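Below is one structure, written out as structure tokens, with a few remarks after it.
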Amino acid sequence: MDELRSASDSALVVAIARYRQEALAEAYRRHAGTVFSLSLRVTGDRVLAQDVVQDIFLHLWNEPERFDSQRGSLRAYLLAHTHGRSVDMLRAEVSRRRREERHAQQTPSFTEDVEGQVWEAALAGHVHQALSALSHDEREAIRLAYFGGHTYREVAALLDEPEGTIKSRIRSGLRRLRDALSEAGIGAWAES
Amino acid sequence: MGRELTHDEIRELLGAYALDAIPQDEREATARHLAECEECRAEASAHREAVAHLIAEGRQPDTGLWDRLSAALEAPPPTLRLGPVSDTVRRGRTALLTGAAVVIAAAGMVAFFTLKVSDQNRRIEEMANAVEDRTILRAAYTAMTDPAAEQLPLLSPDRSMVVYLVLLPDGHGYLMAGKLRTLPRGRLYQMWALLDDSPVSAALLGRRPDVSPFWVHRPVAGFAITDESAPGARTPSGKPVVIGYLPDADR
């Protein structure tokens, strides 16, 4: 087990492919919190978020070959799947009704300003400074799309902006974020 | 299915794609494009890496979730045991298999190594699945009965041990190495294709090899198996455990 604690994520996935359950346990120990945090943020529902966590790690167990270490980190791979799964659930009819009921019970109503504050609080501390490199418009577009579960078309409607503008803001914002993280020595780019 | 999108249209969508913020039809079109465009694939991966840092790790799922998850995991496939293999006679050659029982190791002990290191993870899973549903066995038997296949014995230096492989014209083949002794942990068998007497790694066989598929780029002069330290070697570190040369003009 000690070997797995010090193993790379890629080595863990190879061990998972060989049906080593302790390797999956180690991957869970490393990443379940992040997976759960993202899913909870997107779905707003603890039960749904835990269902997503279970789905994500079962997927990793059953199809480890889908992770390609040449294309990115295991963390990014898991979170991409987590977000997609969470957004799917969010857009499902049952999730939408729950969210509407929850919003209706809140006083005052859940304003974008409050949502923005919640988002800020959910961010990893070291990312705050990197995000300051983005314009307000870029941050807002990314926040609504990623944490709000909206398509770029919906974000365009929410912000009363052209769809092309929103696509560009999201793309340029992510580029600035990547550059800022890289300058700060954070992430895979910092190692290259 | 909607219209195909141009490369420039896809590029504009890559940021939204990384955030799962595009409609289904555009998502499918983008996925198709990414399968063929390395430039766009790299950008999408970079966006996802950046997005992965937007998540704080402060929240944790309930402590009982792992127990529920582990209970739902599939157990490793059981060891398959087969009856004796009957002799086969093809193209006037003598039978290669003589009544030895063929045991298929659990999927977790089957490894497949190719010259493309980036494919290793996918190959391991392909191998594990193949063993689980006996595809390798069926394929190996089919190959043995193929009149175009070549069968080659690999002998130990003192000729006390022999393992067999069957090689098809397209370079695919199967090694039946159940007679090799089990190696201690940290060691594994590695098979080499002999190309103009220069060995090239053809397969990692694990500690307890059995029926193992492989592929080599032909022409090939022969094959050898060595005992190596895990996870394998770039060149053979010692003398072969078994070796054999193809008799025909493959050289």
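The values are calculated or read from the model by the stated rules, or taken from the named source; none is laboratory data. Please read all numbers here as calculations on a predicted model, not as lab measurements. Backbone-built Cβ (ideal geometry, glycine too); neighbour counts: all protein chains shown.
Tabulated results
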{"quantity": "Sole residue being within 18 Å of B:Lys239 (Cβ to Cβ) and either at pLDDT 85 or above or surrounded by 15 or more Cβ atoms within 10 Å (Cβ to Cβ) (or both), chosen from B:Tyr174, B:Tyr189, B:Tyr164", "calculated": "B:Tyr189"}
{"quantity": "Residue ranges of helices (runs of 4 or more DSSP H) in region B:4-78 with at least 3 members within 7 Å of another protein chain (Cβ to nearest Cβ) and at pLDDT 90 or above", "calculated": "B:7-18, B:38-52"}
{"quantity": "Filter result for B:Pro153 (in a strand (DSSP E or B), surrounded by fewer than 16 Cβ atoms within 10 Å (Cβ to Cβ) and touching a Phe, Trp or Tyr at 6+ places or on another chain (Cβ under 9 Å))", "calculated": "yes"}
{"quantity": "Which numbered condition B:Arg91 fails, given (1) at pLDDT below 90; (2) within 7 Å of chain A (Cβ to nearest Cβ)", "calculated": "(2)"}
{"quantity": "Test: residue in region B:194-201 that is free of Cβ contacts under 8 Å to residues at least 12 places away in the same chain and part of a strand (DSSP E or B)", "calculated": "yes"}
{"quantity": "Single residue of A:Asp88, A:Asp68, A:Asp55, A:Asp45 found to be in contact with a helix residue (DSSP H, G or I) (Cβ under 8 Å, 6 or more places away or on another chain), more than 8 Å from chain B (Cβ to nearest Cβ) and within 27 Å of A:Ala17 (Cβ to Cβ)", "calculated": "A:Asp55"}
{"quantity": "Selection within region A:149-160 - of a type outside the set (Phe, Trp, Tyr) and without any contact (Cβ under 8 Å) to a residue 24 or more places away in the chain", "calculated": "A:His150, A:Thr151, A:Arg153, A:Glu154, A:Val155, A:Ala156, A:Ala157, A:Leu158, A:Leu159, A:Asp160"}
